[in-house]
Amino acid sequence: MIELIQRASKHADRQAIFSNENSYLYKDLLKRSSQIASKLLNGKLDLNGDRIAFIIDPSFEYVAVQWAIWRAGGVAVPLCTKHPLPSLEYVIDDTQAKALIYVDNYSSLIAPLLNKTTGIKEESIRDVQSDLPDVDPLRNAMILYTSGTTGKPKGVVSTHQNIEAQIKMLVTAWEWSPEDRILNVLPLHHVHGIINVVSCAMWSGASCRFQPKFDEASIFDVFKSGKINLFMAVPTIYYKLINFWKAASPEEQKIITRALNKFRLMVSGSAALPISTLEEWKNISGQVLLERYGMTEMGMAISNPYDGERVPGSIGFALQGMQVRLVNEEGKVIKDGSPGEIQVQGPNVFKEYWEKPEATKDSFVEGWFKTGDMAVELNGRYRILGRNSVDIIKSGGHKISALEIEEVIRKSPVVKDCGVVGIPDEEWGEIVVAGLVLNQDFEALPETFEPWLKEQLPNFQWPREYLLLDDLPRNVMGKVTKKELQKQFQNL
Ligand code: MCA
Ligand code: AMP
């Protein structure tokens, strides 16, 4: 049986989740996930790895559906609730999802997909019960989509064993206990929210409170209520919270600060934490943010210590159970403190990219997963230097492929060529910008271009600035020089 779910019966009468003003016990989660699993099985003994997509805001219903898919022997494919139809359709097609579970507020968005997959409305699932299969931990559990430097997003396949290893590592390292109470404000189609927040809480018999929409005032209200002792977020969220605190009255600031002082732990990750954010948050909350480093393909790999010095600008040490090495461009393992690519090995590392054996093979060398992130190491402590590809942008904690956006923009009849890059931004880490070469018929960007593009991409991928160019900057070989394009934007 899946250990995460087995453990829940030990905590049956404890509060597991608080969402939409309701409190749910672990036994409620077990019961509802069993009903949904029975509905999915519909008389079969086992889903045998069928992919089941779902689009549900972070909530009790989300976790019940995720557990149901696992309990029925399926593979959970959580969809991004902010994705427009073309991106959702891509995931449904790529996974050949057998079913799509949705809640009422997504009915019209997903309606066009129901000729490709069977739609199941979560609210319509009644009390059905059947025997559930015994699921081997080596079986596939989840597919999360991630952008890379080539082609369309790839589905990262993790087994139950991978997920358990990811959870156990963090529960141990950050000393989770059943007394913990965490607030989730993150989307649940990424590892950060799914594993670090929700699954670690559920594994520990702790309680998770959901806030479906990011909103600073309500987050501070929850903090002030004293109901939470743990918080995890991306640097952009801390940046937004700091600005909200600064705008509050001195009296309100004191109340918030008193509440934050009582937290057990606050974690930052998914993108580099600016030292200014770390320091400002420390002044406001008395908390030194614990920065850690991870990736969809492996969960977390490197973390500052729970007990011990959290050094600003450093991501800390390899987590227990992880092997980490740095490798230079010649493929030599580095031991002298010079920069190299982070490569990792461990039970938490994903199994494969969904139906992409070549891409899977290319992402490993001698059994080590190549992260594409550059770092330096001193006495076991790592510091990230950035990505080794300019085509990967991190904005608001979202990993974005410049190439994917270019591919969409090039479909516009207005555009002859384009180059997309990320440029540094205090709030978002980076923002997406695009250099455009227009087709001869157009002297300026028609007003219809942006509204059209916004229908194709989720808002975190929208270019925030444009430059109209006669040609993209190129080197002597004619190849677009993205670094030069970045400079052109930064010199504006
Ligand atoms: C939204 N806006 C942006 C961006 N996103 N502007 C510039 N750049 C962006 N990236 C604008 C919108 O257009 C809108 O503008 C306004 O901001 C609010 O948009 P909204 O969608 O409501 O944003 P939000 O809900 O406030 O979201 C901000 C957020 C969100 C909470 C920071 O981006 C977020 O949840 N990020 C976390 C993603 C995450 O979990 N990543 C983990 C993956 P206007 O107001 O003008 O309309 S990495 C991972 O999992 C690995 C394993 C790891 O290491 O953790
Ligand atoms: P994702 O594929 O969305 O899971 O994002 C993983 C990427 O986020 C990593 O490859 C890093 O580039 C970046 N990342 C995660 N944590 C950190 C961190 N603490 N500092 C810098 N970059 C980070």
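The values are calculated or read from the model by the stated rules, or taken from the named source; none is laboratory data. Being a predicted model, the structure only gives us computed values, none of them experimental. Neighbour counts are summed over all protein chains in view; Cβ atoms, including those assigned to glycine, are modelled from backbone coordinates with ideal geometry.
Structure above, values below:
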{"quantity": "Checking residue 19 against (1) more than 22 Å from residue 155 (Cα to Cα); (2) of a type in the set (Ser, Thr, Tyr); (3) buried (at least 22 other Cβ atoms within 10 Å of the Cβ), the condition it does not meet", "calculated": "(3)"}
{"quantity": "Flag if residue 200 is more than 16 Å from ligand 2 (Cβ to nearest atom), without any contact (Cβ under 8 Å) to a residue 40 or more places away in the chain and under 30 Å from residue 55 (Cβ atoms)", "calculated": "yes"}
{"quantity": "Total residues in segment 36-56, condition in a loop (DSSP other than H, G, I, E, B), hydrophobic (A, V, I, L, M, F, W, C) and within 26 Å of residue 82 (Cα to Cα)", "calculated": "1"}
{"quantity": "Scope segment 119-129; condition farther than 20 Å from residue 142 by Cβ and either at pLDDT 95 or above or loosely packed, with under 12 Cβ neighbours inside 10 Å (or both); matching residues", "calculated": "119, 121, 123, 124, 125, 126, 127, 129"}
{"quantity": "Any hit, segment 100-108, residues being buried (at least 21 other Cβ atoms within 10 Å of the Cβ), farther than 28 Å from residue 297 by Cβ and touching a Phe, Trp or Tyr at 6+ places or on another chain (Cβ under 9 Å)", "calculated": "no"}
{"quantity": "Leading residue by the ranking (farthest from residue 319 (Cα to Cα)) among those in segment 162-180 that are out of contact with any helix residue (DSSP H, G or I) (no Cβ under 7 Å at 6 or more places or on another chain) and outside any helix (DSSP H, G or I)", "calculated": "179"}
{"quantity": "Residues of segment 456-486 that turn out to be touching a residue at least 40 places away in the same chain (Cβ under 8 Å) and assigned to a helix (DSSP H, G or I), as a count", "calculated": "8"}
{"quantity": "Hits in segment 403-422 - residues which are buried (at least 22 other Cβ atoms within 10 Å of the Cβ) and either within 13 Å of ligand 2 (Cβ to nearest atom) or within 19 Å of residue 363 (Cβ to Cβ) (or both)", "calculated": "422"}
{"quantity": "Enumerated strands (runs of 3 or more DSSP E) restricted to segment 249-343, each holding at least 1 residues that are in contact (Cβ under 8 Å) with a residue 60 or more places away in the chain and either surrounded by 13 or more Cβ atoms within 10 Å (Cβ to Cβ) or touching a Leu at 6+ places or on another chain (Cβ under 8 Å) (or both)", "calculated": "265-268, 290-295, 299-303, 316-318"}
{"quantity": "Flag for residue 147 being within 16 Å of ligand 2 (Cβ to nearest atom), under 19 Å from residue 2 (Cβ atoms) and touching a residue at least 60 places away in the same chain (Cβ under 8 Å)", "calculated": "no"}
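This table checks each residue for (1) farther than 21 Å from residue 196 by Cα; (2) within 16 Å of ligand 2 (Cβ to nearest atom); (3) under 27 Å from the mean Cα position of the chain (by Cα).
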position: 248; (1), (2), (3): yes, no, no
position: 255; (1), (2), (3): yes, no, no
position: 259; (1), (2), (3): yes, no, no
position: 278; (1), (2), (3): no, yes, yes
position: 293; (1), (2), (3): no, yes, yes
position: 300; (1), (2), (3): no, yes, yes
position: 304; (1), (2), (3): no, yes, yes
position: 344; (1), (2), (3): no, yes, yes
position: 347; (1), (2), (3): no, no, yes
